[in-house]
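The values are calculated or read from the model by the stated rules, or taken from the named source; none is laboratory data. It should be emphasised that the depicted structure is a prediction, and the values quoted were computed from it without experimental measurement. Note that we place each Cβ from the backbone using ideal geometry, even for glycine, and neighbour counts take in every protein chain shown. Accessible surface is based on the protein model in full, side chains and every heavy atom, while ligands, DNA and RNA are left aside. Shrake-Rupley method; radii C 1.70, N 1.55, O 1.52, S 1.80 Å.
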Amino acid sequence: MPQEHLGLFDTPPTRRQVQFSLVIVGLLFAALLVILPVRDVPLRPIHAFIPMANAIMFLGELITATLLYAQTAVFRSRALAVVGTVYVFTALLLIPHALTFPGAFAPDGLLSAGINTTAWIAWCRRVSFPIAIFFYVQLRRAESTAPREAERPAAGIVIGVIAAIALAAGVTALTTIGQALLPPFFVTHSRVAYANSLQYESVVFVLSIIATILLFRTRRSVLDLWLLVVFAGWLTQSLLILSLHGRFTVGWYWLFLVSVFSHLVVMLALLAESHRLYLRLALSTSARNRERESRLMSIDAVAAAISHEIGQPLAAARAYATAGVSWLDRPQPDPERAVKSMRAAIDAAQRTADVIKSIRAMFAQQPGMASEVDLNDLARATASALGRELAGEKVSLQLTLDEALPPILADRVQIEQVLVNLITNAIESLGATRGRARRIAIRSAALNGHDVLLQVSDNGIGITDEAMSRIFEAFFTTKKTGMGMGLSLCRTIVEAHGGRLWAAPGEQHGVTFYLQLPRSDLHAA
Ligand code: ADP
């Protein structure tokens, strides 16, 4: 059985996804090239910019973390828990970042922020990602050799969230209350201490490069692909920061716009992926249910077919055997008639056995026992086998057979079953008919050189238009004790022989069934 992928973590990316992600990465780097020459052009400070950008990123990162944690719960993977946790951590840092940003909520920022506070918070955000990816790759490697997901302990999402909150609180405290402990990033609120910034950002850049290489070399899932896109975003940002000298410049605004853009793209891609996987799972589950139902249905159908088809020969066997006994069990026994009845009972019992065998072959979709069959002979034999039933309902049977009818290549027992069904249905319909002589007519004819046609007509109660469209469906019946299996079985048999079976209203009363089968020389060709 092909393995079923459960999520972003174990589904390999499609070629389309790889192409799409390459386009995004290409766009990110192309945009960087465009921006680099004008990066230091100053722009008007927009103080609402950071809170807005941070709010968007905050939502994006929290949604991404939720998606990742949901996958963590499915796969019981610590590797995934680490990535989910880093997203919670970076999302949380966006709050103090916005609060402490000079000019956003207060001229010097809230939380007694210093000039370096936001820069260090942003640096922690950037550096945490490659570190988390390093753990992710290691843990995933360990998990790929560990027991299957279902047997692993839960991956501790709550611990991850608590750790993310604690770390974010720690970073906030260090960059605000403990800011004196940190080396400077900025000379003034808008001018960077370039030499220092270059050093710190180089650390992020190198770590990001290492993490990208690690991830690229071990990539295997859709998630890895999108993480690589995130890294491409981080790398372009790092490169830009390495060359930035101040805030509120073209390059600085660009930095946040790229960040928002890559976050949104990744979040939307992950959402779309989750949805697609969910749909695929839902579809495959419903396909599996349908398959199960149809298997149950076919078991039902086999059971119903067997009991439907052997009803008539079994009843005949019983009637002949009872008659045989009564010929013997009388003051002057008549052994000759008794023997005749017993022989008929044996024939009927044999027919029962043949029917069971042919139904089994039909449902197992094995080819039947094909031989050359003269449809006229078969019609005569079937009519005589049903003599008792015809007499019981006072039905007269008229055979108009084309003596030049070519033979067909068929499973004799199966085609006999078709005829038994058609004639029995006609007798039952006539049983409910009053006020006219009850008649069944069987006609045979050669058709256009390729096929033979057999018609079974009755002048019984007929079929309503509504029922006519459904009579060949399995389990459709209008009779109190009917099973609705006969005609559906007949059609299956006829179609398996390369023929057609259909019905039309009779000329005045009743119905005519048409059985068209290919003649044998065509089979042989
Ligand atoms: P069943 O005989 O168990 O109902 P069938 O599949 O043989 O199942 O027939 C389905 C339905 O087709 C019958 O219930 C009946 O309504 C209709 N039907 C079939 N043959 C005739 C006929 N000769 N005359 C009238 N109705 C018929």
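Calculated FRET efficiency, THR285 and THR14, Cβ-Cβ r, R0 25 Å, to nearest 0.05?
0.70
Using a 1.4 angstrom probe on heavy atoms only, work out the carbon and sulfur share of the accessible area of the chain in %.
That fraction is 64 percent.
Could you give the length gained on full extension between VAL158 and LYS480, defined as 0.36 nm per residue of separation minus the Cα-Cα distance, in nm?
In short, 109.7 nm is gained.
Accessible area per residue, 1.4 Å probe, Å², for the chain: what's the number?
Counting only protein heavy atoms, the per-residue value for the chain is 51 Å².
Grab the Cα-Cα distance for ILE95 and VAL325, subtract it from 0.36 nm times how many residues apart they are, and report the gain in nm with one decimal.
Extra length available between ILE95 and VAL325 comes to 72.9 nm.
So which aspartates and glutamates can LYS394 reach, going by Cα to Cα under 16 Å and dropping same-chain residues fewer than 8 places off?
GLU428, ASP458
Let me check something: with ligands and nucleic acids excluded, how do PHE134, PHE205 order by accessible area (1.4 Å probe), largest to smallest?
From most accessible down to least: PHE134, PHE205.
Return the distance in nm (one decimal) between the two label points of a simple spin-label model at ALA467 and LEU239, each offset 7 Å from Cα along Cα→Cβ.
Here the modelled spin labels are 7.9 nm apart.
Taking the Cα of ALA315, stepping 7 Å toward and past its beta carbon, and measuring to each backbone N in region 483-514: which are under 13 Å?
Answer for region 483-514: 483.
When the helices in the chain are scored as -39500 (n - 2.57) per DSSP H run of 4 or longer and the sum is shared across all residues, what 222 nm value do you end up with, to the nearest 500 deg cm²/dmol?
Dividing the helical sum by the residues of the chain leaves -22000 deg cm²/dmol.
Just to make sure I understand: if all protein chains stay in place, what is the order of ASP347, ASP402 by accessible area at 1.4 Å, largest first?
Reading off the accessible areas and sorting them downward yields ASP347, ASP402.
Tell me, what is the percent relative contact order of the chain, built from C-alpha pairs under 8 Å that lie six or more residues apart?
It comes to 12 percent, rounded to a whole number.
Run the numbers on region 63-154 and let me know its relative contact order in percent, using alpha-carbon pairs under 8 Å that are six or more apart.
35
Pairs of Cα atoms under 8 Å, at least six residues apart: use those to get the relative contact order of region 224-295, whole percent.
Rounded, it is 34 percent for region 224-295.
Taking region 419-518, which GluC sites (Glu not before Pro) meet the DSSP loop condition and have no more than 14 other C-beta atoms within 10 Å?
GLU473, GLU507
At 7 Å along the Cα-to-beta-carbon direction for both ILE356 and LEU111, put a label point, then send me their distance in nm to one decimal.
Here the modelled spin labels are 8.2 nm apart.
When the dipole is taken about the Cα centre of the chain, and only Lys, Arg (+1) and Asp, Glu (-1) are charged at their Cβ, what size is it in debye, to the nearest 20?
Taking the Cα centre of the chain as origin, the dipole is about 1180 debye.
Using only Cα atoms, locate the centre of region 395-430 and the centre of region 67-97, then give the distance between them in Å, rounded to an integer.
Between the Cα centre of region 395-430 and that of region 67-97, the gap is 73 Å.
What is the helix-to-structure angle for 222-242, meaning the angle in degrees between its Cα long axis and the longest Cα principal axis of the chain, kept from 0 to 90 and rounded to the nearest 10?
The answer is roughly 20 degrees.
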